[in-house]
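Undergrad: Starting off with a structure, shown below.
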Amino acid sequence: QVQLVESGGGLVQAGASLTLSCVASGSSFSKYAMGWFRQAPGKEREFVALMGWSGGLESYADSVKGRFTISTDNAKSTVYLQLNSVKPGDTAVYYCAALSRIQSVPDARDANYWGQGTQVTVSL
């Protein structure tokens with residue numbers, strides 16, 4: 001079992017920055033790739049960013065490339081998502097996930113474990 005706990009969401013204005021954190025615990029969590037997904041009201045959960053604990057496998061959705069950065073801190077068992085230049089379209093619940101299967105575009109159906117989610121709301 002792997003447990004994931006996100007934090008760091010909130011209400012911010014367009015153009016601002018914030019950092020989301022996801023602390024992983026449990027058995028063998030380091031064998032999974034770590035991803036961030038998001039889900040806006042009425043929409044499907046979509047891929048945002050992915051990284052392995054070794055720093056490899058780094059990838060981003062086109063919609064966030066150049067604005068968001070994923071990183072890991074192995075000593076703290078924590079995955080971060082740095083959000084810069086946020087837009088109202090980034091408003092969603094952001095979820096941390098552990099994935100054992102990686103596709104060219106990571107799919108939410110491939111996640112083995114999920115965190116509880118953290119709300120990010122971007123106002124004009």
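The values are calculated or read from the model by the stated rules, or taken from the named source; none is laboratory data. Since we're looking at a predicted model, the values are computed, not measured. Cβ: placed from backbone, ideal geometry, glycine included. Neighbour counts: every protein chain shown. To get the accessible areas, we keep the full protein, side chains included, count just its heavy atoms, and leave off ligands, DNA and RNA. Shrake-Rupley method; radii C 1.70, N 1.55, O 1.52, S 1.80 Å.
Undergrad: Straight-line reach from residue 76: which lysines have a Cα under 17 Å away, not including same-chain ones fewer than 8 places off?
TA: List returned: 31.
Undergrad: As a test, work out the antiparallel percent of DSSP beta bridges whose residues both lie in the chain, rounded to the nearest 5.
TA: 90
Undergrad: A further question on this structure: Relative contact order, percent, of region 1-73 when contacts are C-alpha pairs under 8 Å separated by at least 6 residues?
TA: Values: 93 pairs, mean separation 15.3, N = 73.
It comes to 21 percent, rounded to a whole number.
Undergrad: Going Cα to Cα from residue 43, which aspartates and glutamates come in below 20 Å? Please leave out same-chain ones fewer than 8 positions away.
TA: Excluding near neighbours in sequence, the set is 62, 90, 107, 110.
Undergrad: Separate question: Applying the Karplus parametrisation 6.51 cos²θ - 1.76 cosθ + 1.60 with θ = phi - 60° to the phi angles of region 114-121, what ³J(HN,Hα) value in whole Hz is obtained for each residue in order, glycine and proline being reported as x?
TA: 10, x, 7, x, 9, 7, 10, 10
Undergrad: Share of region 1-67's accessible area from carbon and sulfur, percent, 1.4 Å?
TA: Details: 1690 of 3430 Å².
Using a 1.4 Å probe with all protein chains present, region 1-67 comes out at 49 percent carbon and sulfur.
Undergrad: For region 18-85, state what percent of all Cα-Cα pairs lands in each successive 5 Å bin, counting from 0 Å until the bin that includes the largest distance.
TA: Per 5 Å bin, starting at 0, the Cα pair percentages come out as 4, 17, 27, 25, 16, 8, 3, 0.
Undergrad: Using just the Cα positions, wrap the chain in a convex hull and report its mean projected area in square nanometres, one decimal place.
TA: 6.9
Undergrad: Over the chain, what relative contact order in percent results from Cα pairs under 8 Å that are six or more residues apart? Could you put the intermediate results ahead of the total?
TA: Numbers: 309 pairs, mean separation 43.8, N = 124.
Computed value for the chain: 35 percent relative contact order.
Undergrad: Given charges of +1 on the Cβ of Lys and Arg and -1 on the Cβ of Asp and Glu, with all other atoms neutral, how large is the dipole of the chain about its Cα centre, in debye to the nearest 20?
TA: Numbers: 10 positive and 9 negative charges, 5 e Å.
The dipole magnitude comes to about 20 debye.
Undergrad: Okay, moving on. Straight-line reach from residue 65: which lysines fall under 17 Å, measuring Cα to Cα and dropping same-chain residues less than 8 apart?
TA: Hits, sequence-local ones excluded: 87.
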